[in-house]
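One structure below.
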Amino acid sequence: MNKGKYAEIIINISHENVDRPYTYAVPDELKDKVFIGSVVNVPFGKGDTARKGIIVDFCDEVDFDESKIKSIAGIEEKDVSLSDIRVKLAVWMKQNYGSTLANALKTVLPVKKKVNRAVTKVIIRNVSVENVDEEIKKTENTRKVARLRLLRAVRDEERIPKRALSEKLHISDATINNLVKDGIILLEELKKDNKNAFLTDQKGLSLSDEQKLIVDAAIEDLDEKRHETFLIHGITGSGKTEVYLKIVEETLKRGRQAIVLIPEIALTYQTVMRFYNRFGDRVIIMNSTLSAGEKYECIEKAQNGEADIVIGPRSALFVPFKNLGVIIIDEEHETSYKSETVPKYHARETAEELARMNSALLVLGSATPSVDAYYKAGTGEYRLFNLTKRLTGNQLPNVIVTDLRSELRNGNRTIISKTLKSLLEDRLNKGEQSMLFINRRGLAGFVSCRACGFVVKCPHCDVSLSLHKNGKLICHYCGYTIDNFKTCPECGSKYISGFRAGTEQVEETVKKMFPKARTMRMDADTTKEKDSYEKIISGFLDGEADILIGTQMIVKGHDFKNVTLVGVLAADMSLFEADFKAPERTFQLLTQAAGRAGRGEVPGDVVIQTYKPDNYVIMHAAAQDYEGFYEEEILYRKLMNYPPAGHMLNVLVTGKNEAEAGKLSEMMCKALREYFDSVVIGPAPGFLSKINDVYRFVFYVKDKDYQKLVKIKDYLEEGLSKIKKRSALVFFDFDPQNMQ
Ligand code: ADP
Ligand code: ZN
Ligand code: ZN
């Protein structure tokens, strides 16, 4: 690597300002000793005060007076707080995801914000369980649902962190204070030096043979200080969380710490309490609603050893533990693990790197593993474990697939099939709850025939074409464009059109069908306000509605004991999104949706409505057969060279000047086609071709070898740096999860 005469140095990275690097000369005697990521001493500011800085880049030229440039004074050898693993991780992220090191550092390093520490409070039951039961009886016939919820929580748990109650159970301070006044609970402040040891011994279950196999393997790795990645494939209720708890316990016993990633939407009160009950106040719960002060407090607690476990979303990965022993990623297939801001890192891959650097264990778990992870289990890169039995005794739901084409033939134009209608009626009569699920994400829709199920696809990329306002159908991978059809090319029917259905329309239909039914709606609109999401969830739990209608949000992670019917209104909606991951996402969604039915004693029914009942995704989801799905899916990926069989680099070019952005993307594609043998697809207008007057173009580069794509990114970056007066911006995304 050419290191160049000058080094770009970020000063004092422990403060929030890592934006601007300063240029320093590299003295000859240091040339061989400094690298990107090295911590050096430099003179800084008016009095040339000695400061620490980190090298983020090298260069040969500067566009200002060279005589004014100061030199690096020396290398800082000892400072572990700066040159520690996280800086190395940032360098790795920069190299693998195409970002500036400054941006990677900002992601990885804690932002120091000295704020007064918030007081952590705990609620403690102050009377016997019998007394709480009496109080529950008295409250049951009133309208005080929040008080009832709190009483039930207090009956089940002796200690509850206050934050779990307010954030996860949506219980207000007023409700809590009333119970304090009544003498039923105490509200205590947690002291800073609290060393409330974990209570695990009383609560650990004896493991099943399948569970024990995993935990034993983990113990071996922990004892040997060996890095390995486990993938646990097990349906909901098969005991994955119990395995996580045991592995965390073994990690703690060995004086090491644990990071547990759980998608925010799946981190329910029950899960929080399971960790809290085992490990007490040594657990930190992180989420996106934390204030800067609260976030800093978490980081501080991890750093000075006040806590050993952090549970949180993607960003919890960067909590600075001293001796990290295990990283657990639950629901590893969730797309929220991929960052959509630069650096566009994937938590799974980044966790793997972090675990490797720490000689730590990485444990992935899912009921529907990502095709990427399952593929790696197949190649031996990951170690696969299966949990095959439900430990709760709950039965698997009964899945019914209904053919929407025949509904149309029989004159039913609504989105609710005869079968679903009669099952809904049955549940309303019995006083049981139902959920109707609309698996819709994107904006631009695909075009399909409601008479025969035909879907218009790109002949080159095998993804659905998207309908645009101008009436054209466009492929967002390669740019292939045709006019929209007036009649179906397969069957000649006139029922061919863009596919759309929203939660509001469905709610209207349901209300017309069942005027007495109480409905609730959960989508982006009804969850805009703070806490509205939790309010809907707890309202539905409290039985305030018979039917919950919603998007993806309703099928993730919640335990609705009284729900015995789930209807997926049109499985095709996510199946034919214009993206090669659409089948995988649909399989996961259908499986999750099915998992919502019959969580209590009564077995549930799941109705999957579709125009393509013989599609492999629908068939395997109905049979709840993951392996069957995977076998077919991986064949298709291999055939099309899509990840994980190959790798993809997505390049997004944006600009207010449409012609410039378009020309730049074409220029890049042309150069790549000339100098590299990787497959270049595009450019095409983006999935959203214009946002806020900014035009978007995309192209893709495919190759079996990831490192070749990294080289291509470097090549493009270098070329771009030579273009003077460029206003279009260029973004890189490796193995993209979402359409651009
Ligand atoms: P998952 O995380 O896969 O959904 P859980 O760990 O939550 O599964 O387990 C499902 C249920 O089974 C929980 O109620 C849990 O307490 C119980 N369970 C888990 N492991 C055992 C075990 N070894 N013995 C008895 N019950 C268990
Ligand atoms: Zn047709
Ligand atoms: Zn195409």
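A short reminder: the numbers here are calculations on the coordinates, not readings from a lab. Just so it is clear, the structure is predicted and the values come from calculations on it, not from any experiment. Don't worry about glycine lacking a Cβ; one is built from the backbone with ideal geometry, like all the others, and counts go over all protein chains shown.
Below are the figures for this structure:
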read-out: Hull volume in cubic angstrom per residue (convex hull over the Cα atoms of region 121-189); value: 73
read-out: Pairs from Lys106/Lys530; Lys212/Lys344; Lys376/Lys472; Lys52/Lys322; Lys246/Lys704 whose Cα-Cα separation, in the structure shown, is over 30 Å; value: Lys212/Lys344; Lys376/Lys472; Lys246/Lys704
read-out: Rule-of-thumb Rg ratio for region 343-451 [Cα; 2.2 N^0.38 Å; N residues]; value: 1.66
read-out: Charge dipole of the chain about the Cα centre (unit charges at C-beta), most positive-ward option of Val62, Asn641, Ala218; value: Val62
read-out: If the convex hull is drawn through the Cα atoms of region 240-283, its volume per residue in Å³; value: 71
read-out: Computed Rg/Rh of region 494-556, alpha carbon atoms with Kirkwood Rh; value: 1.04
read-out: Mean Cβ count within 10 Å, highest first, over the residues of peptides 32-43, 247-258; value: 247-258, 32-43
read-out: Nearest-20 debye value, the chain charge dipole, Cβ charges on Lys, Arg, Asp, Glu; value: 1580
read-out: For the chain, Cys with no neighbouring Cys Cβ under 4.7 Å; value: Cys59, Cys298, Cys478, Cys669
read-out: log₁₀ of I(q)/I(0) at q = 0.13, 0.14, 0.17, 0.21 Å⁻¹ - region 444-498, Debye sum with one point per alpha carbon; value: -0.27, -0.31, -0.46, -0.70
read-out: Segment Ser67-Gln303, length gained on full extension (0.36 nm per residue, minus Cα span); value: 80.8 nm
read-out: Net +/- balance of residues flanking Ile416 in space, Cβ distance below 12 Å, scoring K and R +1, D and E -1; value: +1
read-out: Euclidean distance between Cα centres, region 461-496 to region 116-190, Å; value: 56
read-out: Under 11 Å from the Asn178 label point (7 Å along Cα→beta-carbon), backbone N, region 134-163; value: 139, 142-151
read-out: Where N is the number of residues in the chain, Cα Rg divided by 2.2 N^0.38 Å; value: 1.03
